[in-house]
Amino acid sequence: MLLRRVCAAAFSWQAGRMNEINLQLLHWIAAGEDPGSWALLTGCVVALWGGPLCAAVLCWAIFAKPADRAYTLAVAVVAVGVSVIAHFIAAGIGIQRPFVQGLVPGYILHSASGSMPSTHASVMFFITFAFMARASLSRTAWLFLLLAVATGWARVYVGVHFPADIAFGMALGLFFACPFAITQRARFRLAHHRDTAPRLVKEGRLSGSFGRGAE
């Protein structure tokens, strides 16, 4: 019983400390009551258009990189699923957004839906990590990373997210990217084996279900 109380007190203290840091970061990043006009304009544009721009880059990658088209299409499909899951989690947790709580001004029109995790961050960081896991797409991954970080900053800046929402979204994106990358790599190896095995059998370098090698 004593141990349980100590653990509960420690957890409560840790949660309170993390929330304090979260609020401090919010007030440090957010635009506040008297922001610079150019910074506010930049923040609003990035907060509103960071997601669509990320989708546009993903569409470009689908058509510009035919060798990776199947992989990129799979990333796009799973990204939709990540978006839905992030929405459900945010609705379940039910944390109100900073501008709804009156902590900071809200500078873009946004619903009062759940704040944590950020769906933008969840999806954009998932795409980033999924592209990083593919050597031929690693350069494009840096562009997605730039968009994800900029959009995360902007959505905190304009008052629609806490920094913790972005961090949770990034963690959620990584959580889904890891099994996705492992699964896709296994599928690639299996497909490669299926493509090369008949040729190796024909050359007499492999025997198995496709036939016997030359003795």
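The values are calculated or read from the model by the stated rules, or taken from the named source; none is laboratory data. Being a predicted model, the structure only gives us computed values, none of them experimental. Quick reminder, even Gly has a Cβ in these numbers, built from the backbone with ideal geometry, and neighbours come from all protein chains shown. In case anyone asks, the SASA skips ligands and DNA or RNA and just uses the protein heavy atoms, side chains included. Shrake-Rupley method; radii C 1.70, N 1.55, O 1.52, S 1.80 Å.
Give region 141-170 a look and list any residue that's open to solvent by 10 Å² or more (accessible area, probe 1.4 Å), over 23 Å from residue 39 (Cβ atoms) and either touching a Cys at 6+ places or on another chain (Cβ under 7 Å) or free of Cβ contacts under 8 Å to residues at least 40 places away in the same chain (or both), or say none.
142
Kindly establish whether residue 70 is of a type in the set (A, V, I, L, M, F, W, C) and surrounded by 23 or more Cβ atoms within 10 Å (Cβ to Cβ).
No.
Among the residues of region 112-123, are any surrounded by fewer than 17 Cβ atoms within 10 Å (Cβ to Cβ) and without any contact (Cβ under 8 Å) to a residue 12 or more places away in the chain?
No.
Yes/no matrix, rows are residues, columns are (1) closer than 28 Å to residue 20 by Cα; (2) surrounded by 14 or more Cβ atoms within 10 Å (Cβ to Cβ); (3) among the small types (Gly, Ala, Ser); (4) free of Cβ contacts under 8 Å to residues at least 40 places away in the same chain:
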{"residue": "66", "(1), (2), (3), (4)": "no, no, no, yes"}
{"residue": "78", "(1), (2), (3), (4)": "no, yes, no, no"}
{"residue": "82", "(1), (2), (3), (4)": "no, yes, no, no"}
{"residue": "93", "(1), (2), (3), (4)": "yes, no, no, yes"}
{"residue": "99", "(1), (2), (3), (4)": "yes, yes, no, no"}
